[in-house]
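The values are calculated or read from the model by the stated rules, or taken from the named source; none is laboratory data. Fair warning: this is a prediction, and the values are worked out from it, not measured in the lab. In this analysis, Cβ positions are derived from the backbone assuming ideal geometry, glycine residues included, and neighbour counts consider all displayed protein chains. Just so you know, the surface numbers come from the protein's heavy atoms only, side chains and all, with ligands and any DNA or RNA stripped out. Shrake-Rupley method; radii C 1.70, N 1.55, O 1.52, S 1.80 Å.
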Amino acid sequence: MGQSRSPLDVAGLELLAARGWRGTEQDSLGDWLLRAGGGFTGRANSALVVGDPGLPLPEAADAVARWYADRGLRPCAQLPGRQSRAADTAFAAAGWQRDEDVLVLTGPLTPTAADGVPVGLSPEPDDAWLAGYRHRGRPLPPTARAVLTNAEDVVFASVRLEPPPAPLAAVARGVVTEDWLGVAAVTVEERYRRQGLATAVMAGLQRWAARRGARWVYLQVAASNAPARVLYRRAGLIEHHRYHYRYAPD
């Protein structure tokens, strides 16, 4: 707990995070991980480009494109850190379009005492939780539940400040993989923002993870999401590395 640096390198952390947010189908291309999940989220529907694909890079890019096209999905590759630069060049040469940077933040787990905000925890997301999680500002597709629950030790946090039919005030998802807590899906209903609820659900997840032996926490945030980056910095999380997606031409 006294350490301040993550003990995993880029490849190690990405492979661990992939175990905490899976698609519903998985395959491999050499060391690369091919994931599909009905199109819900980039992480569950992209090739994780870590290591050697066992093919020349232009051929590997073509193989990724075919795998996703066979499943009716737009081919996508997740390219983390400096280790993926050569592959990124190959995808770019094939006309794949680059998305914005995503920051992977890490820090030591720092569980704190409950502060009076009632944080509920459940092993399954109910309908209210699913309605509260707005992925990129949109309601969830039918495939979302299968992706969200496809992990070995997962929990769904929520804060309710008003009785139904009022929506949940905040939701978040946590998953423990080895000694790491992965935090995702942190969403606060617009009318309840700036009341410390995001901090409360994150604290609730850290207390839950500490009971399972977790010592570290990671999460992903878009580079353009300035308010979230400020929140996570205040929580003691610092940038470990970045990744971006590339999408095959339409």
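At a glance:
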quantity: Output for segment 194-229, where each listed residue is aromatic (Phe, Trp, Tyr) and outside any helix (DSSP H, G or I); calculated: Trp216, Tyr218
quantity: Total residues in segment 174-197, condition buried (at least 20 other Cβ atoms within 10 Å of the Cβ) and on the phi > 0 side of the Ramachandran plot; calculated: 1
quantity: Those residues of segment 100-126 which are at pLDDT 95 or above and open to solvent by 70 Å² or more (accessible area, probe 1.4 Å), in sequence order; calculated: Glu100, Leu121, Pro123, Glu124, Asp126
quantity: Residue in segment 92-99 that is at pLDDT 95 or above, surrounded by 14 or more Cβ atoms within 10 Å (Cβ to Cβ) and closer than 30 Å to Val155 by Cβ present; calculated: yes
quantity: Enumeration of residues in segment 137-173 that are open to solvent by 50 Å² or more (accessible area, probe 1.4 Å) and more than 15 Å from Gly37 (Cβ to Cβ); calculated: Gly137, Arg138, Pro139, Glu152, Arg160, Leu161, Glu162, Pro163, Pro164, Pro165
quantity: Given (1) of a type in the set (Lys, Arg); (2) more than 23 Å from Val155 (Cβ to Cβ); (3) more than 15 Å from the chain's Cα centre (by Cα), number of the condition Arg212 does not satisfy; calculated: (2)
quantity: Residue list for segment 230-250, restricted to those being assigned to a helix (DSSP H, G or I) and not basic (Lys, Arg); calculated: Val230, Leu231, Tyr232
quantity: When residues of segment 128-168 are limited to those that are assigned to a loop (DSSP other than H, G, I, E, B) and polar (S, T, N, Q), the one modelled with the lowest pLDDT; calculated: Thr143
quantity: Count - residues of segment 110-127 that are assigned to a loop (DSSP other than H, G, I, E, B) and either of a type in the set (Ser, Thr, Tyr) or within 17 Å of the chain's Cα centre (by Cα) (or both); calculated: 3
